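First comes the structure, then the notes that go with it.
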Amino acid sequence: MPTPMNRGAFAQAGSSLAFKTGTWRSAKPVHVHATAPCHGACPAGEDQQAWLALLQEGKPQQAWERLVTTNPLPAISGRVCPHPCESACNRGQYDQPIAIHGIERWLGDEAIRHNWPYPRRAGDARPERVAVVGAGPAGLSAAYHLAQRKFNVVLFDSLPEPGGLLRSAIPPTRLPRSIIDAEIGRLLSLGIEFRPRTALGRDVSLDDLRSEFDAVFLGIGAGKSRHWDVDGAVPADLHEGLALLREWLAVGALPHPNAVVIHGGGNTAVDLARIMRRAGVRDVHVVTASGLPGPGTESDDVLNVVPRELEQAIEEGVQFHPHRTINRLIMRGSKVVGVEMVRLKKLPDGNGHKARVSFEGTETVLHVDMVVPAIGEVVDPTGLEAILRQKDYLGVDRFGQVNGHPGLFAGGDARDGIKGHSSGTVSAAIGDGRRAAEGIDALLSGRDADEEKRPALPYTALNLSYYESSPRIELSTLPLEKRDDSSEIEGGPNTVDALAEAQRCFSCGNCLACDNCWTLCPDNAVLKTMETASDGSHYLFDYDFCKGCGLCAKECPCGFIAMSEDE
């Protein structure tokens, strides 16, 4: 039976319906299923517009359920992700970007508070067994998405508790341990078997896993520090950044120099700088080759940390030296008494790329008694010698399959770079785990792995006449005098603020069901089905009568309609 249509009751039998006036046009309206820029920029693959739309309808549990179809750890990622989605948000060019990280955090906290059950996919249990090695964000994501696909999943980790770097390398001031315990505990309750204190290369071998399981995912992280020296010079009391941070989190031990230089430009460097500053170190310097956010810094040259964390670090007295590197260690015997910095600038290298070049004559000296490198880590080769082959990371395709090793997958900090996919963040690791689950499912199902890709909707495609300016919500932070090493510094929004912030979404590239096209069409050539559909499919174009005037496309607020040449 055909779907009933409503033409607005203007036409009667034998009237102008007999004349196919659509033959006059040269262009016709079409629905453009573009992706919102926030979706395209999200390393985890979240469709923020979709769950924000459910919040706009006053459906927070359904919004969370939509969110966790992609990212099962929103209470965690909402706190620690740098949220490139907000940098990409079209609203940022209108007034201020939506506080997506705050709303995501609120949804995750609400799910924990109300014990909302994770939505489960329909289907029968699969007979195949999959091993996931590493219970960090990549491994947890892979285990979750594999369990959703009905695989029998066993999760291994060398530590006694799941969480990986979430627990061992992120301070509780950014990520409370109660949130880690609650969200990961709920995830594992989906039927994932967890085997703690089981280290690859010590308690189990890769060959054992590959013979016992139908597929293996390696989310082992990068646990070995890069070698660091300055022209061959290394202080006798050298402490590496991540190891120092882990030791502090585990036992509270921390050196107490008068002045320290931390050489690096990531979250480890900034977290450690803030901890040392709160511990009473008089001068804490961060020397980084990257730049600070601002009009003079290119987007690919910005310090790779959460922007709000950088602002708080500066508030707390951490001193940043951007676009610099350590040129020389000033030693007295084997002990550091200072460092010589030199200024860097990115310049074309003649091969189509840019390289950082130091400039003679820009040297400056800092008087310090400790240097801490925080320049990144590589994969610990223990148990992986035959796979790594003396490389620092595992080479994988975009669905995580290790090159030359069918059935073996990897993600998170352990993988090498993939074009079009960022790395080095919790959200990127979550995205790696999700794509690897698709790759494993495809492999064991005898099909090709697939992931939908749509173009992002540009700001210029929006009709801003239909939106009003509104300020972004402000999230609370602890005042300086109340900040310590255990209290969470940044607060989340309350229910009223979270729901109000969701209303600011432009719904870029996705139908708002505003009825503009249906109401404003002068030829009544836009039809609407009696059954409502939130994706815009209940608006149909009757090309027999559409003259191609383009009014529907012009007056579509969210860029869902475009004019296409009619052949």
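The values are calculated or read from the model by the stated rules, or taken from the named source; none is laboratory data. All figures in this text were calculated on a predicted structure; none of them were measured in a lab. Note: ideal-geometry Cβ built from the backbone for every residue, glycine included; neighbour counts use all protein chains shown.
Here are the criteria: (1) closer than 21 Å to Met370 by Cβ; (2) not in a strand (DSSP E or B). Tell me which single one Thr325 does not satisfy.
(2)
For the list (1) surrounded by fewer than 16 Cβ atoms within 10 Å (Cβ to Cβ); (2) touching an Asp or Glu at 6+ places or on another chain (Cβ under 6 Å), I need the number of the one condition that Glu531 fails.
Among (1) surrounded by fewer than 16 Cβ atoms within 10 Å (Cβ to Cβ); (2) touching an Asp or Glu at 6+ places or on another chain (Cβ under 6 Å), Glu531 violates only (2).
Given the structure, is Leu310 in a strand (DSSP E or B) and either farther than 30 Å from Ala199 by Cα or without any contact (Cβ under 8 Å) to a residue 40 or more places away in the chain (or both)? Reasoning before the result, please.
Values: in a strand (DSSP E or B): no; either farther than 30 Å from Ala199 by Cα or without any contact (Cβ under 8 Å) to a residue 40 or more places away in the chain (or both): yes.
No: the conditions fail for Leu310.
Quick one: which residue in Gly433, Gly424 is in a helix (DSSP H, G or I) and under 26 Å from Gln48 (Cβ atoms)? If you could, list the steps in order and put the result at the bottom.
Numbers: Gly424 fails: in a helix (DSSP H, G or I).
Matching residue, one of Gly433, Gly424: Gly433.
Scan (1) crowded, with 17+ Cβ neighbours inside 10 Å; (2) in contact (Cβ under 8 Å) with a residue 24 or more places away in the chain; (3) more than 17 Å from the chain's Cα centre (by Cα) for the single condition Ser427 breaks and write down its number.
Every listed condition holds for Ser427 apart from (3).
Which of the residues spanning segment 489-513 are crowded, with 18+ Cβ neighbours inside 10 Å and not aliphatic (A, V, I, L, M)?
Within segment 489-513, Glu490, Gly492, Pro493, Glu501, Arg504, Cys505, Phe506, Ser507, Cys508, Gly509, Asn510, Cys511 meet the criteria.
Answer with yes or no whether Arg177 is closer than 19 Å to Gly383 by Cβ, outside the structural domain of Gly333 (by TED's automatic domain parsing) and modelled with pLDDT of 90 or more. Don't jump to the end; show me each part of the working.
Details: closer than 19 Å to Gly383 by Cβ: no; outside the structural domain of Gly333 (by TED's automatic domain parsing): yes; modelled with pLDDT of 90 or more: yes.
Taking the combined requirement at face value, the residue does not satisfy it.
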